[in-house]
Amino acid sequence: MQNKLLLIILDGVPHRNFRRLFGNLEGWVQSVEARVWTHRAVLPSISASCYASIHTGVSPQVHGCTGNGNVFRLGHPDIFSQVRAANGVTGAVSHSFWSEFFNRHPFDYVRDIEYDEPDSDTINHGRFHSMTGYGHDNQMTPSDVDLFATLTNLCLRFGLNYGLLHTCTLDSMGHRFFHDCSQMDHACAVMDEMLAPFIPKWRAAGYEVIVTADHGQDARGHHGGHDPLQQESALYYFGPADGPPEGTVIDQLQIAPTVLSRLGAPIPETMKATPFLT
Ligand SMILES: [Zn+2]
């Protein structure tokens with residue numbers, strides 16, 4: 001496999017926060033280095049259900065993850081398994097749910113916190129955090145710059161073809177402070193500024209880059225239901241492919257087959273949605 005792509009999932013960022021507050025991403029849209037579309041999450045618009053749909057390309061009604069309390073090793077092929085089937089190298093820097101869904105369940109804190117498994121059928125290089133103890137007053141999230149650096153480290157050391165990064169910082173901030181407040185303005189600006197220096201480095205290393213969220217959040221910081229604020233996020237793409245017209249709404253189930261098509265990996269029959277990049 002020659003192609004390379006990084007999927008950056010910033011958990012719980014509603015469309016309006018991306019478009020209002022991420023000045024670096026929006027600047028690259030203005031300078032035509034990036035494209036942006038609306039991205040609509042599956043239902044329920046709950047994190048675990050969305051992670052499973054983003055990576056398998058099938059709905060929660062098909063993969064069976066009905067929420068954060070129902071995490072298990074999924075049965076459907078996903079981006080990791082398909083990249084491996086095409087002899088690509090995979091990596092993940094993310095919440096431990098991603099390891100449980102796509103590699104091993106239950107999560108073993110010692111065995112699974114960090115692994116390098118070149119022969120794995122799914123995730124070759126994993127760096128995880130569980131956020132155990134997470135709640136309103138204690139986010140239990142790592143610094144995002146550490147996560148971006150860890151992903152870059154894996155790319156440089158192991159030549160990842162596909163890398164996933166997922167961070168819950170902004171989802172936790174939204175649940176805690178909601179959205180019409182200085183805390184959220186600042187948190188989004190910090191995320192945008194921390195992420196920005198990495199994007200040109202990843203591009204220079206040959207990676208296409210997608211930045212998006214798993215779902216949005218409404219004014220009370222809620223998500224899970226059928227409300228545009230809860231379901232809709234933005235999706236930014238850096239790379240040479242053509243995409244749909246501005247204003248197009250990308251269905252969450254399109255992400256997995258799109259990533260596989262960009263990497264030149266086989267798209268399994270279970271992924272029925274049409275790739276949005278050509
Ligand atoms: Zn989420």
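The values are calculated or read from the model by the stated rules, or taken from the named source; none is laboratory data. Predicted, not measured: the structure shown is a model, and the values here were computed from it. We place every Cβ from the backbone using ideal geometry, glycine too, and count neighbours over all the protein chains shown. What goes into the accessible areas is simple: the full protein's heavy atoms, side chains included, and nothing from ligands, DNA or RNA. Shrake-Rupley method; radii C 1.70, N 1.55, O 1.52, S 1.80 Å.
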For the range 25-127, give the magnitude of the charge dipole about the Cα centre (Cβ charges: +1 Lys/Arg, -1 Asp/Glu; no others), in debye to the nearest 20.
340 debye
Alpha-carbon centroid distance for the pair the range 9-82 / the range 122-200, whole angstrom:
14 Å
Which translational diffusion coefficient, to the nearest whole µm²/s, is obtained for the range 210-278 from the Stokes-Einstein equation, given a Kirkwood hydrodynamic radius over C-alpha pairs, 10 °C and 1.306 mPa s?
119 µm²/s
Could you size up the charge dipole of the chain around its Cα centre, putting +1 on the beta carbon of Lys and Arg and -1 on that of Asp and Glu, and report it in debye to the nearest 20?
340 debye
Where N is the number of residues in the range 98-165, Cα Rg divided by 2.2 N^0.38 Å
1.18
In whole Hz, the Karplus estimates of ³J(HN,Hα) for the range 265-278 (6.51, -1.76, 1.60; θ = phi - 60°; x where Gly or Pro) are 9, x, 8, x, 4, 5, 8, 8, 6, 8, x, 9, 10, 9
Please work out how much length the chain gains when fully extended from ASP119 to VAL190, using 0.36 nm per residue of separation minus the C-alpha to C-alpha distance, in nm with one decimal.
21.8 nm
Solvent exposure ordering (accessible area, 1.4 Å, most first) of ASP171, ASP185
ASP185, ASP171
Loop-exposed trypsin sites (Lys or Arg not before Pro) per DSSP, neighbour cap 15 Cβ within 10 angstrom, longest uninterrupted part of the chain
74-219
If you average over every viewing direction, what projected area does the convex hull of the Cα atoms of the range 141-278 give, in nm²?
9.5 nm²
Heavy atoms only, 1.4 Å probe, whole protein assembly: order PHE198, PHE80 by accessible area, highest first.
PHE198, PHE80
Over the chain, with a Gaussian network built from C-alpha contacts below 10 Å, which listed residue (ILE79, ILE123, ILE199) shows the highest mean-square fluctuation?
ILE199
Under a 10 Å cutoff between Cα atoms, tell me which one of GLY69, GLY126, GLY216 has the largest fluctuation in the Gaussian network model of the chain.
GLY69
GNM on the chain, C-alpha springs below 10 Å: top fluctuator among HIS215, HIS129, HIS166?
HIS129
May I ask you to derive the relative contact order of the chain, considering only C-alpha pairs under 8 Å and at least 6 residues apart, and to give it as an integer percent?
35 percent
Two-site label geometry, PHE72 and ASP227: point separation in nm, points 7 Å out along Cα→Cβ:
3.0 nm
Name the residues whose placed amide hydrogens come within less than 5 Å of the amide hydrogen of LEU5, ignoring near sequence neighbours (fewer than 5 apart) on the same chain.
TYR162, GLY163, GLU208
Residue separation between ALA241 and ALA149 times 0.36 nm, minus their alpha-carbon distance, gives in nm 30.5 nm
Once you have the alpha carbon radius of gyration of the range 56-136, what is it after dividing by 2.2 N^0.38 Å, with N set to its residue count?
1.11
At q = 0.14, 0.15, 0.16 Å⁻¹, what log₁₀ I(q)/I(0) does the chain have when each alpha carbon counts as one equal point scatterer in the Debye sum?
-0.94, -1.11, -1.31
Each residue of the range 59-65 in order: what ³J(HN,Hα) in whole Hz does its phi give by Karplus 6.51 cos²θ - 1.76 cosθ + 1.60, θ = phi - 60°, with x for Gly and Pro?
6, x, 5, 9, 7, x, 7
How large is ³J(HN,Hα), in whole Hz, for each residue of the range 28-39 in order, when computed from phi with the Karplus curve 6.51 cos²θ - 1.76 cosθ + 1.60 and θ = phi - 60°, using x for Gly and Pro?
6, 5, 5, 8, 6, 7, 10, 10, 9, 9, 7, 10
Solvent-accessible ranking of THR258, THR152, largest area first, probe 1.4 Å:
THR152, THR258
Amide H partners (placed H, <5 Å) of PHE276, local residues excluded:
THR258
DSSP-assigned coil residues among GluC sites (Glu not before Pro) in the range 170-278, each with at most 11 further Cβ atoms within 10 Å
GLU246, GLU269
